[in-house]
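The values are calculated or read from the model by the stated rules, or taken from the named source; none is laboratory data. None of these values were measured; they are calculated from a predicted model. In this analysis, Cβ positions are derived from the backbone assuming ideal geometry, glycine residues included, and neighbour counts consider all displayed protein chains. In case anyone asks, the SASA skips ligands and DNA or RNA and just uses the protein heavy atoms, side chains included. Shrake-Rupley method; radii C 1.70, N 1.55, O 1.52, S 1.80 Å.
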Amino acid sequence: MSTDGSLIEELKKLEEEALASVEGVRDEAELEEVRIAFLGRREGRISEILRKLGQVPPEERPPLGAEANRVKSRLEEALDERRSSFARERAPDRFREDLTLPGRERWIGGRHPVTRVVDELIAIFRDLGFSLARGPEAETEWYNFEALNTPLDHPAADEQDTLYLKAGHLLRSHTSPVQVRVMESHRPPIRVLAPGMVYRRDSYDATHTPVFAQLEGLAVDEGITFVDLKATLAEFARRYWGPGTRVRFRPSFFPFTEPSAEVDVKRVFRDAEGREQETDWIEIMGAGMVDPAVLEASGLDAERYTGFAFGMGPGRIGMLKYGVPDLRLFYENDVRFLEQFAGP
Ligand code: DAH
């Protein structure tokens with residue numbers, strides 16, 4: 001027996017007819033009659049078609065079988081739905097669903113906006129050849145200050161500025177100590193990025209919080225020069241803020257770099273009307289050539305190796321990126337603020 005697809009046609013018509021019947025019933029007894037008429041094992045009309053499957057040529061069986069099963073489950077679904085709607089109508093009022101209640105939205109969370117920025121920065125520097133390094137948040141005075149060419153009578157080491165723990169330990173005031181730890185444990189060439197939280201006895205205002213994120217970078221090898229530093233940071237800025245971004249190095253001072261610079265960026269971009277726009281210069285990080293004293297304190301031969309380092313605050317970069325006026329918003333854990341950044 002060949003079907004020319006006519007059995008499939010028949011099934012489709014049956015489906016329509018069955019669904020209409022389900023719609024039309026007035027009570028559960030009628031619903032049960034409909035079920036038996038279509039799905040009943042012996043005389044149900046769909047069961048009848050399924051029985052004919054055996055007489056159909058083998059190659060036509062799979063599509064027909066699949067269609068029959070689809071119609072069967074569609075109908076079972078419709079029957080179930082109708083059955084529970086009868087059950088609901090029968091239930092006393094106080095057990096009925098209140099369809100006017102607002103639904104409970106599922107909170108799926110998301111990465112913290114500062115974490116997002118850190119991840120973006122890491123991805124760019126990974127393409128430039130940097131891998132990741134981490135160091136402890138509870139540091140020693142040696143790693144946090146002395147090895148970084150900062151004597152303990154330096155103002156940065158003052159109790160007023162730094163959170164001391166017991167016996168020569170403190171909460172690291174920057175991520176720069178990771179530089180020393182990496183140089184102690186790895187031979188050059190070194191290219192690492194060290195993200196992490198840092199602590200200061202700082203004011204709590206729109207641009208300062210006593211706990212904040214930093215991102216440290218370090219490259220050490222034979223023959224590294226200031227050109228490498230400038231090229232790396234300029235390339236980074238163009239990848240992060242767009243190809244028109246300009247970078248400016250202003251002379252500065254850090255104990256652990258010589259020479260040192262503050263790095264500013266200026267974004268140049270086209271607005272919606274196609275006109276060229278530019279922002280003010282915005283300071284984004286400190287940087288410089290690793291001071292030979294730091295290389296030596298870390299056990300590297302400063303005659304042979306040179307390097308550059310930089311340190312930036314992803315929180316501040318996030319403020320610029322998202323137009324957030326107050327750094328504290330990132331750290332107050334107010335879900336109404338944070339959930340604006342939720343998502344993948
Ligand atoms: N450690 C500095 C700070 O916390 C930031 C910094 C400046 C890091 C210059 C560096 C650097 O590696 O070269 O303010």
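Considering only DSSP beta bridges with both partners in the chain, what is the antiparallel share in %, to the nearest 5? Write down the numbers at each step before the final one.
Working: 45 of 48 bridges.
So the antiparallel bridges amount to about 95 percent of the total.
By a 1.4 Å probe calculation restricted to protein chains, Arg126 has an accessible surface near 150 Å², given to the nearest 10.
Order the peptides 32-40, 219-227, 270-278 from the highest to the lowest mean number of other Cβ atoms within 10 Å of their residues. Could the numbers behind the result be given before it?
Values: 32-40: 17.1, 219-227: 15.3, 270-278: 8.4.
Highest-to-lowest ranking by the protection proxy: 32-40, 219-227, 270-278.
Between the C-alpha center of region 143-198 and that of region 35-90 there is a gap of 73 Å.
About the Cα centre of the chain, how large is the charge dipole given +1 on each Lys and Arg Cβ and -1 on each Asp and Glu Cβ? Please answer in debye to the nearest 20. Display every interim value, and only then the final one.
On the way: 47 positive and 62 negative charges, 108 e Å.
Once rounded to the nearest 20, the dipole reads 520 debye.
Is it possible to state the helix-based mean residue ellipticity at 222 nm for the chain, with each DSSP H run of 4+ residues giving -39500 (n - 2.57), the sum divided by total residues, to the nearest 500 deg cm²/dmol? What is it? All intermediate terms of the calculation are to be shown ahead of the outcome.
Details: 12 runs with 136 residues, N = 344.
Result for the chain: -12000 deg cm²/dmol, rounded to the nearest 500.
Projecting the Cα atoms of Gly5, Ile317, Thr162 onto the charge dipole of the chain (Cβ charges, centred on the Cα centre) puts Gly5 farthest toward the positive pole.
Rolling a 1.4 Å probe across the protein heavy atoms gives the chain an accessible surface of 57 Å² per residue.
In this label model, Asp98 and Phe253 are separated by 6.9 nm, measuring between points 7 Å along each Cα→Cβ vector. Report, to the nearest whole %, how much of the accessible area of the chain belongs to carbon and sulfur atoms, 1.4 Å probe, protein only. Taking all protein chains in place, the chain shows 50 percent carbon and sulfur surface. Using θ = phi - 60° in the Karplus curve 6.51 cos²θ - 1.76 cosθ + 1.60, the 3J(HN,Hα) couplings for region 239-245 round to 5, 7, 9, x, x, x, 5 Hz; x is entered for Gly and Pro. Applied to region 59-65, the Karplus parametrisation 6.51 cos²θ - 1.76 cosθ + 1.60 on θ = phi - 60° returns per-residue 3J(HN,Hα) values of 5, 8, 5, x, x, 5, x Hz, with x for Gly and Pro.
Protection proxy ranking for 279-288, 196-205, using the average of other Cβ atoms within 10 Å per residue and placing the highest first: 279-288, 196-205.
With a 1.4 Å probe rolled over the protein heavy atoms of all chains, the accessible area of Glu146, Glu9, Glu43, Glu141 falls in the order Glu43, Glu9, Glu146, Glu141, largest first.
With all protein chains in place and ligands, DNA and RNA left out, the 1.4 Å accessible area ranks Trp241, Trp142, Trp107 as Trp107, Trp142, Trp241, largest first. Farthest toward the positive end of the dipole of the chain, out of Thr115, Ile36, Trp281, is the Cα of Ile36, where the dipole comes from beta carbon charges about the Cα centre. The percentage of C-alpha pairs in region 113-341 whose separation is greater than 30 Å is 25%. In terms of accessible area, using a 1.4 Å probe and ignoring ligands and nucleic acids, Phe130, Phe253 rank largest first as Phe253, Phe130. Per-residue SASA remark: Lys13, around 140 Å² accessible (1.4 Å probe; ligands, DNA and RNA not included).
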